[in-house]
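Here is the structure we will look at, set down as structure tokens.
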Amino acid sequence: MRKMLGLAAMALALAACGSSGGGGGGGGTVACNFAADGGCLEWSGASGAYAGYKAAFDAECTASNGGASVSACPAAGRAGTCVVAVGAGTGAFTETYVFYTSHYTTVEAQQACTSLGGTLK
């Protein structure tokens, strides 16, 4: 989970840098899978600077030990999915932390999600 939190901090910094920027683009979702650690992080936003976020997110993901940039976190084997909404308006984005049964129980996923200030789904 520590690796996912480091990546989340990087995503927050990227959003803060680009949230006031204009430009076109509809945004999207990027994901980083930490299969060896039983977790995955998705970041989605509607910022005009999405392309820049994606490149930096992908680079940070692969630089993190064991991270693999993927289009979406795998659906199978989830112990819980934690949704954290950050910001408001055009600079808002969502972080989705996915915890897998290979490393987490539902109770552990709930505890981790609560510590992140999110809602477990």
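Laboratory data are not the source of any read-out in this text; all were calculated from the coordinates shown. Being a predicted model, the structure only gives us computed values, none of them experimental. Ideal geometry is used to build each Cβ from the backbone, glycine not excepted, and the neighbour counts take in all protein chains shown.
Details
- Ordering ASP58, ASP37 by the number of other Cβ atoms within 10 Å of each residue's own Cβ, fewest first, gives ASP58, ASP37.
- Segment ALA75-ALA59, length gained on full extension (0.36 nm per residue, minus Cα span): 3.4 nm
- Stretch gain in nm, segment VAL83-ALA35, where the contour uses 0.36 nm per residue and the Cα spacing is subtracted: 15.4 nm
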